[in-house]
Amino acid sequence: MMETASLSSSTGLDKPGSLADTAAGEAAPVDRAFHAWATLLASATIGLLVWGLPNASGALLAAYFADPRYAGQPHAADRLPLIGTLSTGILYCSGIVIYPLIHWDLRLRRPFVWAGVGVCFLSLLGASFTTNVTILIALQGVAFAIGASLAYCPLISYMSEWWVERIGLANGIIVAGDNTGAVLLPLILPPLIARFGIENTTRIYAVALVVCLLPAAYFVRPRLPERRAHASTKPKRVYHPWMRDRRMWLFLVINVLQGLAFFVPLTWLPTFATALGLSESQASATLTLVNATSVVSALTAGWLSDRCNVWMLAFVSIMLTSVATFTLWGLASFSFAGVLVFSVAYGLTAGGWSSMWYAFVRPISEGDTAVSTTLFGLLLFTRGLGNIASTPIATALQQTRIVALRVDGAPRLGFEVAGGQYAAMVVYASMCFACAAGVAALGWFLERRRGSGRAIADA
């Protein structure tokens, strides 16, 4: 999920055959070296495990609610959902703190990864020995997310060193790893909980996590010895020309609008399916389909972002998401088949958004690692704000009825499910996506005009 350049402006790491490669003969080639692929696959493994648990928090939440030791505590119904909310929120927003530290000293990256693995393991292990909801929130909601952030955030900087021409594909593979965790864990955790209980299942996951992450962390490494890279990239002054680049501000607007809508189906689609009268397994299948098709979307969008105009790609994908949300969710989702079709369409159109980030940041950062990692942290942060804000907005919109109630039984439109409870929310998500697509179209137009102006000047 990160972007392309980081050390190139000062060290030339992003350009094959650069002076840095000449001066440091042992530097491995970008895009094709064994360690480039090893670092990429190890990063995808780390993303799968550290993002997978927060994304599968619904499975754990159901187990907590079913256990009177947890559900019987005061305000448990309001406090237990904070575990998943805090985990994802911290993961999204922590980059704005961690990336400046990495920029200050690149040698912090590996210690951060190792420390993050340890914190993740210890927090889950500690959470498995408590039934106190407050301690559970502190360990599994906050401490785990801090450890996950330490393990995950340096991966962006590493990717920008190892991948240049195919950075979009590399980014797509990491995002696909994140989404794969969201597919697998909701299928794996419930049977384990049913057989071993919530405490033992948490311990099993803690052990599995550390067993998988320790070798993955070993294979995540820089392209150049970090002592030299640190010396070459130590900033002499703080200068942010990207703050005056309108492309970045347009992209941030798109990111916020997309974030305000993206998490709405992820949060409410299972309850929508339940309100439609579907079984719990059918309701879970809808979200599994979204996450599974998002894996395909992430890989495809990352691959295309290396080859296509990213503004055009963003416009097409977000506009298709808007149309799918309004028509397939709002109109066609009055049956199980309709909900499944929407789940597939939504995952395919919306699931690859983060895979495009590198393609947006690359021309703005101009090969400067510090700028690229800073912008990536800003993108994660603004997306996290959308994640946090979308839930109360969607909850409030459920109190608004914009369709007439039928008196003759089963709904004939998705808008009519639960007496129209979800109609305003569906319209809200569709409009956010449509507005984001409009801003992408504006960016595409300005990019084309800018290219035409340069061509005329060169002529």
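Every number in this text was worked out from the coordinates using simple rules, so none of it is lab data. Not measured: the values here are computed from a predicted model. Using ideal geometry, Cβ is built from the backbone for each residue, glycine included, and neighbour counts are taken over all protein chains shown.
List of remarks:
- Taking other C-beta atoms within 10 Å as the exposure proxy, Leu289, Leu184 rank Leu184, Leu289 from fewest upward.
- Among the trypsin sites (Lys or Arg not before Pro) in the range 318-417, those placed in a DSSP loop whose Cβ has at most 13 other Cβ atoms within 10 Å are Arg401, Arg406, Arg412.
- Calculated [222 nm] ellipticity per residue, helices only, for the chain: -24000 deg cm²/dmol; basis is -39500 (n - 2.57) per DSSP H run with n ≥ 4, divided by all residues, nearest 500.
- Gap separating the Cα centres of the range 90-137 and the range 255-291, nearest whole Å: 28
- Within the shell defined by Cβ-Cβ distances under 12 Å, the residues around Leu331 carry a net charge of 0, with Lys and Arg each +1 and Asp and Glu each -1.
- Taking Cα centre as origin and charging only the Cβ of basic (Lys, Arg, +1) and acidic (Asp, Glu, -1) residues, the dipole magnitude of the chain rounds to 680 debye.
- Per-residue Cβ neighbour rank within 10 angstrom, fewest leading, Tyr218, Tyr92, Tyr152, Tyr358: Tyr218, Tyr92, Tyr152, Tyr358
- Gyration tensor verdict on the range 44-117 (Cα atoms; rounded if a/c is under 1.5, prolate if a/b is larger than b/c, oblate otherwise): prolate
- Judged by the gyration tensor of its Cα atoms, with axes a ≥ b ≥ c, the chain is oblate; a/c meets the 1.5 cut and b/c is at least as large as a/b.
- Orientation-averaged projected area, Cα convex hull of the range 195-350 (nm²): 14.6
- Among Thr382, Thr373, Thr391, sorting on how many other beta-carbon atoms sit within 10 Å of each Cβ, with the fewest leading, yields Thr391, Thr382, Thr373.
- Dimensions of the range 241-450 from C-alpha coordinates, computed as largest minus smallest value along each principal axis and given longest first, are 61, 30, 29 Å.
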